[in-house]
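What follows is a set of notes on a single structure, which appears directly below.
The values are calculated or read from the model by the stated rules, or taken from the named source; none is laboratory data. Quick caveat, the model's predicted, so the values are computed rather than measured. Note that we place each Cβ from the backbone using ideal geometry, even for glycine, and neighbour counts take in every protein chain shown. Note: accessible area is taken over every heavy atom of the protein model, side chains too, but ligands, DNA and RNA are not part of it. Shrake-Rupley method; radii C 1.70, N 1.55, O 1.52, S 1.80 Å.
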Amino acid sequence: MRSLPQLRHVLSPREMAQVTRIGLEIAFGKPTPADSHLSAADWLSRRINPDTSPTAWRFFQRVTHFALSVDLPDVSYPELIETGRNLLRYGPPGIVDGGCAAITGELERRVAAGGGEIRLRQDVRAIAHDGQRVTGVQVRDQITGEESHVTAPLIISNIAPEVTRSLACLPSAHAATPAAAPRKEASGLKVHLLSDHSIIPHKGIMFCLDTDRIAGIVQVTNADPRLAPAGKHLLITHQLMRSDDVNAEREAARADLRYLFGDAFGTSINILTMSQYRGEWPVNRARQGEDLPQTLPLAGLYLVGDAVKPSGYLMVEGVAQSVNTLFDVIEATTGTPAAGAPATRPGGHVPPKPARSRALRWLVAPPAPHPDSRSAATGRVTREA
């Protein structure tokens, strides 16, 4: 969505008024303690009737499905407000210029510039410790099979928190969860498509409001043309998994693709791969708003990633801010600046959020990406591709 007025092409006048009012309430309203227990679905249903304003409801639903991999009832009202305010302040998410390769390449450059060593194709077999603090990691070379011990007084893990705990032989964090309250997890299904022609003219997310499953599509070759052969384009769709039947979810995706692309599906637009993630698989390892602490019960062992991000942040921005918050955690824990960390901002390493007044720019166009945002493009909302 490039501006709020563009929604008039897909919303009725009444729905347009409802979405505008909700946007202003998110940006400038003051949440009351009485509403703090509500889910996002409960709060929105007091402002939108899904039966009489179905397109407006699906707009909020599909954004949640795509960005969070959960449904509206599984997000708290306070987290909806915090996340919505970040979107209005920073601008909508999109594809980082250069794609994932740009992020990993910059990370590699900075590690090398700081004198660090990057070891690829190494399996971490165990995190060693003396019962009080970490002492290093046991690794295995995937090519030679040789195992070795790397001594380290500080370990930062970006794998799933539960996997990190198991490598250190720590008890599961789920052990204290009552059986009557099973832990809900984010889960989603992605489809990678190769297209003979461009489908989306921008680097943002094209949300689909009249499909059954697919919430949105991105054309990642707009950010990194190397991801497809010359003249072709790589598309990625995303949907919330509503059941544990993977085959049924895949068939629902195919049905949506036939609806979206018609005769082009299977001829000029073809499926490359389908992948699903649940539980400890990458992406949204903790449900939005229920992120875990970055410290574990071993001195020197820390977590970063999308399971330990600050409230209100999501996707790449959330992972980036988890690193900033980690610098604050390390400095608070050790009493000394974190090695390699940038200069501390007033109040910590997490940058101050932009003024709420930036949200008013959505009345004309969304704000350009904020300097502290890791998103490189804007998105668009549409009924169809």
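May I ask you to say which residue of Q61, Q18 is closer than 30 Å to A223 by Cβ and surrounded by 15 or more Cβ atoms within 10 Å (Cβ to Cβ)? Reasoning before the result, please.
Working: Q18 fails: closer than 30 Å to A223 by Cβ.
The match here is Q61.
Looking only at residues that are open to solvent by 10 Å² or more (accessible area, probe 1.4 Å) and not β-branched (V, I, T) in segment 203-223, which one is farthest from L7 (Cα to Cα)?
Top of the filtered list is A223.
Name, by its number, the condition in (1) buried (at least 16 other Cβ atoms within 10 Å of the Cβ); (2) under 23 Å from H238 (Cα atoms) that does not hold for N324.
For N324, the exception is condition (2).
Could you check segment 64-109 and list, in sequence order, the residues that are closer than 22 Å to P50 by Cα, open to solvent by 20 Å² or more (accessible area, probe 1.4 Å) and not in a helix (DSSP H, G or I)? Can you show your working first?
Looking only at segment 64-109, we keep the residues that are closer than 22 Å to P50 by Cα, and these are 64-81, 83-84.
Pick out the ones that are also open to solvent by 20 Å² or more (accessible area, probe 1.4 Å) and you get 66, 71, 73-74, 76, 78, 80.
Scanning segment 64-109 gives D71, S76.
Restricting attention to segment 225-253, and to residues there that are touching a strand residue (DSSP E or B) at 6+ places or on another chain (Cβ under 8 Å), small (G, A, S) and under 22 Å from D212 (Cα atoms), which single residue is least open to solvent (accessible area, probe 1.4 Å)?
Looking at residues that are touching a strand residue (DSSP E or B) at 6+ places or on another chain (Cβ under 8 Å), small (G, A, S) and under 22 Å from D212 (Cα atoms), I get A253.
Out of T378, T344, report the one residue that is farther than 25 Å from L80 by Cβ, open to solvent by 30 Å² or more (accessible area, probe 1.4 Å), of a type in the set (S, T, N, Q) and modelled with pLDDT under 75.
Values: T378 fails: farther than 25 Å from L80 by Cβ.
Every option except T344 fails the conditions.
Kindly indicate which of A128, A112, A27 is in contact with a Gly (Cβ under 7 Å, 6 or more places away or on another chain) and farther than 24 Å from D306 by Cβ.
Values: A112 fails: in contact with a Gly (Cβ under 7 Å, 6 or more places away or on another chain); A27 fails: in contact with a Gly (Cβ under 7 Å, 6 or more places away or on another chain).
Criteria check complete, one pass: A128.
With the checklist (1) under 30 Å from I103 (Cα atoms); (2) open to solvent by 30 Å² or more (accessible area, probe 1.4 Å) in hand, flag the one item D306 doesn't pass.
(2)
Looking only at segment 291-303, filter to residues that are farther than 14 Å from L154 by Cβ and out of contact with any helix residue (DSSP H, G or I) (no Cβ under 6 Å at 6 or more places or on another chain); which one of those is surrounded by the most Cβ atoms within 10 Å (Cβ to Cβ)?
D291
Identify all residues within segment 271-291 that are among the aromatic types (F, W, Y) and modelled with pLDDT under 80; write none if there are none.
Within segment 271-291, the first condition is being among the aromatic types (F, W, Y), and the residues that meet it are 277, 281.
Within segment 271-291, W281 is the sole residue that qualifies.
Looking only at segment 295-325, count every residue that is part of a loop (DSSP other than H, G, I, E, B) and modelled with pLDDT under 85 and tell me the total. Show your work before the answer.
Of segment 295-325, the ones part of a loop (DSSP other than H, G, I, E, B) are 296-298, 300, 304-314.
Subsequent filtering for residues that are modelled with pLDDT under 85 retains 306, 314.
Going through segment 295-325 one residue at a time, the tally reaches 2.
When you go through (1) in a helix (DSSP H, G or I); (2) more than 26 Å from the chain's Cα centre (by Cα); (3) in contact (Cβ under 8 Å) with a residue 40 or more places away in the chain one by one for A112, which number turns out not to apply?
(3)
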